[in-house]
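Everything below concerns the one structure shown next.
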Amino acid sequence: MTNFRKIFQNWQRNTQGEIIVFDTHHMINDLNISINYNETRELISIVNKRGNFNLNMEEFISLIFSDNLVLNIDLSFIE
């Protein structure tokens, strides 16, 4: 889980312990996945149980590893 915490912290640019929509949008696009801001909000809403469009660690992991989402990507290359 330590590597995922590092990834989470890298995506998280605020100090509130959550990843905001803006940061999620930019990081997904940095992965060469073309997605607009509204699509990012829709994607987040699938795993965001609290309805605030911010991702905590648990929701972030759900987003990355969901079998139902296109974002299910191989992160094994990240140290």
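The values are calculated or read from the model by the stated rules, or taken from the named source; none is laboratory data. Remember, it's a predicted structure, so these values are computed and weren't measured experimentally. Counting neighbours? That spans all protein chains shown, and the Cβs are built from the backbone with ideal geometry, glycine included.
Worth a mention:
- Flag for Asn38 being modelled with pLDDT of 90 or more and in a loop (DSSP other than H, G, I, E, B): no
- The residues of the range 7-53 that are touching a His at 6+ places or on another chain (Cβ under 6 Å) and of a type in the set (S, T, N, Q) amount to a single one, Thr40.
- If you go through the range 14-29 and keep only what is of a type outside the set (Ser, Thr, Tyr) and either more than 12 Å from the chain's Cα centre (by Cα) or crowded, with 17+ Cβ neighbours inside 10 Å (or both), you end up with Asn14, Gln16, Gly17, Glu18, Ile19, Ile20, Val21, Asp23, His25, Met27, Ile28.
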